[in-house]
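The values are calculated or read from the model by the stated rules, or taken from the named source; none is laboratory data. From a predicted model like this one, the values you see are computed outputs, not experimental measurements. Positions of Cβ are backbone-derived with ideal geometry, glycine not excepted, and every protein chain shown enters the neighbour counts. Note: accessible area is taken over every heavy atom of the protein model, side chains too, but ligands, DNA and RNA are not part of it. Shrake-Rupley method; radii C 1.70, N 1.55, O 1.52, S 1.80 Å.
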Amino acid sequence: MTIDILPEDVLLEIFDFYVDPTRKGDGLETWCTLVHVCRKWRNIVLESPLRLNLRIRCYPTRPVGEKLDIWPALPIVLAQYDWDWRPKRAMNNIAAAFKQNNRICKIGLLGVPASQMGEILAAIHESFPVLTHLWLDSDDETVSVNPDLFLGGSVPRLQFLQLVHIPFPGLPKLLFSATHLSDLRLFNLSRSGYISPESMVSCFSALTGLETLILDFECPESFPIREHRPPPPPTRTLLPALTWLHFHGISEYLEDLVDRVDTPLLDDVTLYRLDQFIPDTAQLAEFINRSPKLKAHNEAQVVFYDGSVHLTLPRLFSLSYEVTDSQVSSVAQVYTSSLSQAFSATIERLYICDDDAYWRGDIRVENDHWMELLRPFTSVKSLYLSRVIVPHIAPALQELVGERVAGALPALQLFSWRTFWERKYLD
């Protein structure tokens, strides 16, 4: 029996397996192969557009009009993920695709020259009623977005939004309509695209399905000087579905943001600080205490890497500071601050790891500074050090005898100079 005489429902099951995106990249146009086999297969495929999730992929650098004329009126994915932008050809093809704005379900345009991005943003003033994914990446920030015109001022079906170098201070106004948004990523935010914590949180009440939030500011100058920080509202905004928070910016913004939200399912936090000093972070500490999954840990890593220090609770929390080579004393401030109270008491395994290049040269660290870093970890039973870092911290560890043992690592039972990754491999 050949495959041609199989019942249509059986063929459809086979086709469904063939176009499964988990097997072949995104599987976006694998269906095109099937329709060229025979008339029967073509009819089965084109009569099942929802079951097989049929989409047409269009590229700005390839003829769009011709492709749209060949196939039925299926949803369109407009994507350009390489850096090959030919101005005239690209804009003509994008204009041809945008004429079918009621069919475009995904837009992903990366590395767009600023001059062309202005034209693209102007063309997106129409409504895109079935748009679910939008990713715009400009190579400069010379253009800005009008929230009243952008996407017709409403994005009811949008699920994923990523903007890179796109100043959009009015974004919260648009997000009030994004009731299906699950993934929001804003990169390279500048002063011209600044969105205050209060404005950002104000729209969260509409984003009940938001699972991922990324806010990435370019530099400390991205934040306007605020003489008076407004008090938080009497009740916090609930983000019931948020599981991943990534923040790159200054502590003041982060403190204002987390003081205004509750995230009961949050289990992955990555923080990169732009501060020139290490402040106390009382609101962040309280935020961690209010997030049940962030407290479920017994292991921590302190990693010196590429001019910065990273505190990581595996699969839960990561905090990074850029520091100079001898600023262990400054890093210790993080662990003696209120933030340390949110996690250090439950840590039983502590790994202090390194990038070899970080410790090149004549590095001098006072023993007391190492002691300050270790002191909050009162429950640590196992301490693992990388081989490179041992000579720098060994003098301080030698002082952990007599009266001083009660002040740092009083529960210590095991000491090893294997790294975290060596231990995982060997064990």
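Among the residues of the stretch 88-104, what is the count of those that are open to solvent by less than 10 Å² (accessible area, probe 1.4 Å) and closer than 14 Å to Ile56 by Cβ?
Number of matching residues: 2.
Of the helices (runs of 4 or more DSSP H) lying entirely inside the stretch 38-99, those containing at least 3 residues that are at pLDDT 85 or above and closer than 19 Å to Asp137 by Cβ span 87-98. Does any residue of the stretch 324-342 turn out to be over 21 Å from Leu383 (Cα atoms) and modelled with pLDDT of 75 or more? Checked the stretch 324-342: no residue is over 21 Å from Leu383 (Cα atoms) and modelled with pLDDT of 75 or more. Scanning the stretch 157-170 for residues that are within 15 Å of His125 (Cα to Cα) and either free of Cβ contacts under 8 Å to residues at least 12 places away in the same chain or surrounded by fewer than 20 Cβ atoms within 10 Å (Cβ to Cβ) (or both) yields a single hit, Gly170.
Identify, please: which residue in the stretch 168-224 is among the basic types (Lys, Arg) and modelled with pLDDT under 95 and is, among those, farthest from His248 (Cα to Cα)? Taking the candidates together, the pick is Lys173. Can you say whether Leu151 is outside any loop (DSSP other than H, G, I, E, B), surrounded by 16 or more Cβ atoms within 10 Å (Cβ to Cβ) and aliphatic (A, V, I, L, M), as far as the supplied structure shows? Against the criterion (outside any loop (DSSP other than H, G, I, E, B), surrounded by 16 or more Cβ atoms within 10 Å (Cβ to Cβ) and aliphatic (A, V, I, L, M)), Leu151 qualifies. In the stretch 382-412, what count of residues is obtained for those that are open to solvent by 60 Å² or more (accessible area, probe 1.4 Å), at pLDDT 80 or above and closer than 16 Å to Val302 by Cα? Total meeting the criteria: 0. Flag not set for Asp355, criterion: open to solvent by 70 Å² or more (accessible area, probe 1.4 Å) and modelled with pLDDT under 65.
Tally the residues that are outside any loop (DSSP other than H, G, I, E, B), open to solvent by 30 Å² or more (accessible area, probe 1.4 Å) and in contact with a Gly (Cβ under 8 Å, 6 or more places away or on another chain), restricting the search to the stretch 113-145. Total satisfying the criteria: 2. Each residue in the stretch 202-226 was checked for being touching a residue at least 24 places away in the same chain (Cβ under 8 Å), of a type in the set (A, V, I, L, M, F, W, C) and open to solvent by 10 Å² or more (accessible area, probe 1.4 Å), and 3 of them qualify. Trp417 passes every criterion in (1) open to solvent by 60 Å² or more (accessible area, probe 1.4 Å); (2) of a type outside the set (A, V, I, L, M); (3) at pLDDT 65 or above; (4) more than 24 Å from His297 (Cβ to Cβ) apart from (4).
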